[in-house]
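Read-outs: derived from the displayed coordinates by stated rules, not from any lab. Predicted model only: the values in this text are computed from it and were never measured. FYI the Cβ positions are ideal-geometry reconstructions off the backbone, even for glycines, and counts take in every protein chain you see.
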Amino acid sequence: MFDNLVVQLGPWSWWVLGLVLLAAELVVPGFFLVWIGLAAIIVGALSLLFWENTFWIWQVQLLVFAASAVIVTLLGRRYVYNNNQTTDEPFLNQRGASLVGRTATLNEPITEGRGRIRLDDTFWTVMGPDLPAGTRVKVVASNGRDLTVETA
C-alpha cells in the first residue's frame, strides 16, 4: 500500500509528507516537527531532480531524509537558540528573577533562615539572616520559588 502511494505520487510524496508534518506542528506542542517537515521537503526537491535515476531508490531516499532531518534539526536549533534578541521584558517568564532588587516588609519573622514576605499579590518564602517581623528587607537573589533577602 505504501509503495503504491509513493509510486502514484512520485516525487511529490515527500512534499505531501513535509506539508503534513508542518501542519501537524500546529497541533502538536513543541517545536520539532518543523525541522522534520523541512527535511521531507528537501528530499522532495531532490526527488524532483533525481526521480528518473536508478540510484534514487526508496532506501536512498530514506537515508537522505534521515540525514537531512538531523542536519536541519541541528542547524535550526542553533539558529533559534542563538538568535537572542533584546526585549523590553527580559524577565517575563521568570517571576522570581524579576523581584531581585525590590524591597518588602517581613510578614513572618525569619527564624532558622526562613521566613515570608508579601510582594504584590503573592507571599514568597525567603531565606536570610534571622530577623523579626516588620523588618524591611531587600531581595538579593532568586532560587526557583525561594528568595534570598538581606536587611534593606
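General remarks:
- Relative contact order [Cα under 8 Å, 6+ residues apart], the chain, whole percent: 14 percent
- Net length available on complete extension from Thr105 to Phe32 is 21.7 nm, with 0.36 nm assigned per residue and the Cα-Cα distance removed.
- Fewest-first sequence of Thr73, Thr86 by Cβ atoms within 10 Å of each Cβ: Thr86, Thr73
- Divide the volume of the convex hull around the Cα atoms of region 95-151 by the residue count and you get 62 Å³ per residue.
- Pairwise centroid distance, computed over Cα atoms, of region 108-152 with region 28-100, Å: 44 Å
- For Thr73 and Glu52, the FRET efficiency from 1/(1 + (r/R0)^6), where r spans their Cβ atoms and R0 equals 22 Å, is about 0.15.
- From the coordinates shown, Cα extents along the principal axes in Å corresponds to which of (i) 49, 31, 25; (ii) 45, 35, 27; (iii) 82, 29, 27: (iii)
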